[in-house]
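Data block below; observations after.
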Amino acid sequence: MTGNLGAAPPLPEYEDPLVALRATPFGGVVGDCGDKALSCHLIAAQESERRRIAHELHDGLGQILAAAKYRLEALLTQPAAIPVRGEVGGIIEHVQGAVEELRRVSIDLHPAMLEDLGLVATLARFHREYAGTYPHLNVGQNISVTEAAIAPALKLALYRIVQEACNNAAQHAKAHHVFITLGRGTTGGIRLSVADDGGGIPERSFHTGLGLSGMCLRAESTGGTLTILSRPGEGTEVIAEWPF
């Protein structure tokens with residue numbers, strides 16, 4: 001399955017990525033993230049906790065909200081509710097809004113769709129919902145690999161890197177364009193790029209903030225590398241590559 005939605009943002013072009021890294025005052029390859037075994041353990045523990053919380057939200061608060069909405073809708077059918085029908089209808093809308101927000105939070109915590117339908121379908125839904133959440137952004141996506149070509153061990157890491165890089169672009173970089181590309185690298189492996197035309201990554205945050213270390217850990221713990229190209233006022237590109 002492939003997607004080509006929108007145009008890539010106008011980012012600086014370099015003949016060699018290393019030139020971009022050298023030209024960046026504080027950019028470069030996010031390198032050694034520490035002991036790989038420990039990194040894998042920490043990420044697995046984090047995902048396990050995310051899954052637990054997502055299930056508790058769905059099975060607990062989600063069921064309570066669904067029951068409240070059902071009872072309010074049943075109340076609207078009663079003749080006694082006619083004088084307050086408008087008010088009750090407004091409350092139902094608020095409850096429905098809470099249900100949708102709870103669903104969004106649960107998906108962010110644990111994308112169950114990734115396990116059920118795969119990465120390509122999950123990224124397509126992420127693209128739609130991300131564009132809806134940030135309507136001022138021109139969001140594009142190009143996926144040129146099939147689901148079968150992506151190793152199962154990489155799918156969650158790929159999704160989390162896309163999620164983090166896109167959120168950084170919208171919330172911190174103040175970008176106008178974001179473009180996600182997933183395909184084959186020059187060596188035949190998997191290559192992910194998330195590019196934006198925002199303000200770049202501040203020097204103080206490059207080594208310590210914005211979830212950069214988390215993206216690095218996810219790439220390295222699954223046998224990949226993470227490269228970040230960024231210059232103040234000229235956008236950022238997050239590149240994750242795996243040789244398989």
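Every number in this text was worked out from the coordinates using simple rules, so none of it is lab data. From a predicted model like this one, the values you see are computed outputs, not experimental measurements. Cβ: placed from backbone, ideal geometry, glycine included. Neighbour counts: every protein chain shown.
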**Request:** Work out how much length residue 176 to residue 148 would gain on full extension: take 0.36 nm times their residue separation and subtract the Cα-Cα distance, in nm to one decimal.
**Result:** 6.8 nm
**Item:** Interchain or long-range residues, amide H under 5 Å from residue 176's placed H
**Value:** 197, 198
**Request:** Identify the residues of segment 221-244 with backbone N under 14 Å of a label point that sits 7 angstrom from the Cα of residue 44 along the Cα-to-Cβ direction, or state none.
**Result:** 221-222
**Prompt:** For segment 36-128, rounded, prolate or oblate, judged on the Cα gyration tensor with a ≥ b ≥ c (square roots of eigenvalues), a/c < 1.5 rounded, else prolate if a/b > b/c?
**Reply:** prolate
**Request:** Give the shape of segment 86-244 as rounded, prolate or oblate, defined through the alpha-carbon gyration tensor: a ≥ b ≥ c are the square roots of its eigenvalues, a/c under 1.5 means rounded, and otherwise the shape is prolate if a/b is larger than b/c and oblate if not.
**Result:** oblate
**Item:** Computed FRET value (nearest 0.05) for residue 213 with residue 70, which takes r as the C-beta separation and R₀ as 41 Å
**Value:** 0.40
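Would you mind ranking 139, 84, 120 by Cβ crowding within 10 Å, fewest neighbours first?
84, 120, 139
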**Asked** Any idea what the relative contact order of segment 82-211 is, in percent, if you count C-alpha pairs under 8 Å spaced at least 6 apart?
**Response** 20 percent
